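Scroll down for the structure; my scribbles are underneath it.
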Amino acid sequence: MSDPFTRIETPNAATATGGYAPALVWRDLVFVSGQGSIDSAGTTIPGTIEEETERTLRNIQELLRAAGSDLDRVLKCTCYLADIADFDRFDAAYRAVFGSHLPARSTVQAGLDGIKVEIDAIAAL
């Protein structure tokens with residue numbers, strides 16, 4: 001016997017560009033795949049680290065809302081930066097979006113293609 005899961009997509013966030021779901025709901029959890037500064041048509045929107053962080057988190061928020069959750073229910077984020085030297089500016093933008101609700105987080109440098117930041121998230125329903 002297996003627990004079913006539900007694939008989540010929304011026209012308000014970036015579409016999947018590979019063999020993965022933008023988000024999945026399983027039991028009372030939402031798993032959001034890595035999001036970046038990409039619009040709903042799949043076009044990369046370049047900007048400052050602050051702008052890309054905000055757009056990335058808004059994509060996550062749209063997927064969470066489509067699943068019945070929101071940013072204040074995020075439990076954990078894994079954040080990937082193209083340049084770890086951007087960490088302080090990234091962190092300030094991240095904090096500005098999350099406010100007083102700060103989920104558990106890991107942040108690492110990664111070879112990102114055309115974006116400055118990618119974030120995946122796990123949230124409660």
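The values are calculated or read from the model by the stated rules, or taken from the named source; none is laboratory data. Keep in mind that what you see is a predicted model, and the values were worked out from it rather than measured. Glycine also receives a Cβ, built like all others from the backbone with ideal geometry; neighbour counts cover every protein chain displayed.
Can you report the number of residues in region 60-72 which are among the polar types (S, T, N, Q) and buried (at least 23 other Cβ atoms within 10 Å of the Cβ)?
So in region 60-72, the residues among the polar types (S, T, N, Q) come out as 61, 69.
Then drop every residue that is not buried (at least 23 other Cβ atoms within 10 Å of the Cβ), which leaves 69.
Total meeting the criteria: 1.
Give, as residue ranges, the strands (runs of 3 or more DSSP E) completely inside region 1-40 that count at least 2 residues that are closer than 11 Å to Ala67 by Cβ and over 13 Å from the mean Cα position of the chain (by Cα). Before you say what the answer is, go through the steps one by one.
Working: elements: 5-8, 23-26, 29-35.
By residue number, 5-8, 23-26.
Just the residues that are surrounded by 13 or more Cβ atoms within 10 Å (Cβ to Cβ) and either over 23 Å from Ile115 (Cα atoms) or among the hydrophobic types (A, V, I, L, M, F, W, C) (or both), please, taken from region 14-28. Spell out the reasoning first.
Initially, region 14-28 is screened for residues surrounded by 13 or more Cβ atoms within 10 Å (Cβ to Cβ), giving 14-16, 21-25.
Of everything in region 14-28, those that are surrounded by 13 or more Cβ atoms within 10 Å (Cβ to Cβ) and either over 23 Å from Ile115 (Cα atoms) or among the hydrophobic types (A, V, I, L, M, F, W, C) (or both) turn out to be Ala14, Ala16, Ala21, Ala23, Leu24, Val25.
When both residues are 6+ apart or on different chains and their Cβ atoms are under 6 Å apart, which pairs have a first residue that lies in region 41-56 and is touching a residue at least 24 places away in the same chain (Cβ under 8 Å), and a second that is of a type in the set (Gly, Ala, Ser)?
Sorted first by the residue in region 41-56, then by its partner, the pairs are Thr44/Gly114; Glu50/Ala93; Glu52/Ser37; Thr53/Ala93; Glu54/Ala93; Thr56/Gly36; Thr56/Ser37.
Are there any pairs with C-beta distances below 8 angstrom linking a residue in region 1-30 that is over 18 Å from Ala124 (Cα atoms) and touching a residue at least 40 places away in the same chain (Cβ under 8 Å) to a residue that is surrounded by 12 or more Cβ atoms within 10 Å (Cβ to Cβ) and small (Gly, Ala, Ser), with the two at least 6 apart or on different chains, and if so which?
From residues that are over 18 Å from Ala124 (Cα atoms) and touching a residue at least 40 places away in the same chain (Cβ under 8 Å), the pairs are Thr10/Ala66; Asn12/Ser40; Asn12/Ala66; Ala13/Ser40; Ala13/Ala66; Ala14/Gly36; Ala14/Ser40.
Taking Thr56 as the residue in question, decide whether it is over 22 Å from Asp3 (Cβ atoms) and at pLDDT 95 or above.
Against the criterion (over 22 Å from Asp3 (Cβ atoms) and at pLDDT 95 or above), Thr56 qualifies.
Anything in region 31-57 that is among the small types (Gly, Ala, Ser), surrounded by 13 or more Cβ atoms within 10 Å (Cβ to Cβ) and more than 16 Å from Ala121 (Cα to Cα)? List them, or say none. Lay out the reasoning, then the answer.
Taking region 31-57 first, the residues among the small types (Gly, Ala, Ser) are 33-34, 36-37, 40-42, 47.
Filter once more, so that each one left must be surrounded by 13 or more Cβ atoms within 10 Å (Cβ to Cβ): 33-34, 36-37, 40, 47.
Ser40, Gly47 - these are the residues of region 31-57 that are among the small types (Gly, Ala, Ser), surrounded by 13 or more Cβ atoms within 10 Å (Cβ to Cβ) and more than 16 Å from Ala121 (Cα to Cα).
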